[in-house]
Amino acid sequence: MIGLPKPQPLQSAALSTVRLVASDLDGTLTAGDRFSPALIQALEQLAAAKIAVLITTGRSVGWGMALAQYLPVAGVITENGGAICWPEQAPIILSPIAAIADHRQQLQHCFQQIQQHWPQLQPAADNAFRQTDWAFDVAGLSAVDLDRIAAIATEHGLDFVYSAVQCHLLPRGQNKARSLQQVCQATFSSLTADQIVTVGDSPNDASLFAEFPLSVGVANLAPYLGRLSRPPRYLCQQPEVAGFLELVEALLRDRA
């Protein structure tokens, strides 16, 4: 948007006090939809340096439970802020939803209305494992289409976000930043703003860029910058997990 500052290259000095990394998953920690040995090594290096990692993803609670169990991370915030999954614990719903079953019906009804305009859209295969949001195709949708879908969601009392992977219908006010703040207050209460860095690659990471002063986009975020109300402070030179590894290198540089 006009007048907004452009993201800057990573600066190690600005990241010297970071103790928590909150990172998107798909397109940020992946390369070609896969995890790499280099990513696992980087996560282990962060843990050894006493820098915690929280994944903040649009994937389902079902995915989050598996990721929290098998990756060397502190936890996984799922469904764009809907729930938190800790290792070896039952997931905790973060959104104040009175009745999950009624909410799921509301989400499905809204999606059916959207399908009337875009009948080619299909729900995500993992919707059965979701609690707070509803995911569906993003492929083939133009910027105009996405704006129209957002308007339909608003008419149904819902919010709408999208990434390079999927579209999501979700409760009003649910987003990654709000839930990250909630988790930090409960579990990482001693951390200050300059000790948390957020990382993402898509418009569904916009709240992380807007609400946290230390924010980073991997290079594949660049096509979406014009659709963000506030860009990240820094932009990596490399896309996907290669960009995340740039950040890890900057975080670990000159640390004992």
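Results, tabulated for the structure shown:
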| read-out | value |
| --- | --- |
| By average C-beta atoms within 10 angstrom, highest first, the peptides 201-207, 40-46, 20-26, 100-106 | 201-207, 20-26, 40-46, 100-106 |
| Amide H contacts under 5 Å for residue 56, placed H, 5+ residues apart | 23, 24, 25, 77 |
| Solvent-accessible area of residue 187 with every protein chain in place, 1.4 Å probe, in Å² to the nearest 10 | 70 |
| ³J(HN,Hα) computed for each position of segment 208-221 - Karplus, 6.51 cos²θ - 1.76 cosθ + 1.60, integer Hz, glycine/proline x | 5, 6, 7, 9, 10, x, 9, 10, 9, x, 6, 4, 6, 6 |
| The chain: most fluctuating residue of 51, 196, 114 per GNM, C-alpha cutoff 10 Å | 114 |
| Taking only Cα atoms of the chain, radius of gyration then Dmax in Å | 17.6, 58 |
| Separation of alpha-carbon centers, segment 1-60 and segment 176-199, rounded to whole Å | 14 |
| Built amide H within the under 5 Å cut-off of residue 94, gap 5+ | 83, 84 |
| Rounded accessible area of residue 249 (nearest 10 Å², 1.4 Å probe) | 110 |
| Kyte-Doolittle at least 0.0, axis length at least 15 Å by Cα - qualifying DSSP helices, the chain | 37-48, 143-155, 240-252 |
| Extended-chain gain in nm, criterion 0.36 nm per residue less alpha-carbon gap, residue 139 and residue 154 | 3.3 nm |
| Solvent-accessible area per residue for the chain (1.4 angstrom probe, square angstrom) | 45 |
| Listed residue (4, 228, 98) projecting farthest to the positive dipole end of the chain, Cβ model | 4 |
| Whole-number D in µm² s⁻¹ for segment 77-187, Kirkwood Cα-pair radius fed into Stokes-Einstein, 10 °C, 1.306 mPa s | 110 |
| Nearest-20 debye value, the chain charge dipole, Cβ charges on Lys, Arg, Asp, Glu | 440 |
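The values are calculated or read from the model by the stated rules, or taken from the named source; none is laboratory data. Just so you know, these numbers come straight off a predicted model, no measurement behind them. All Cβ positions, even for glycine, are placed from backbone atoms using ideal geometry, and neighbour counts span all protein chains on display. Quick note on the areas: whole protein, heavy atoms, side chains included, nothing else; ligands and nucleic acids left out. Shrake-Rupley method; radii C 1.70, N 1.55, O 1.52, S 1.80 Å.
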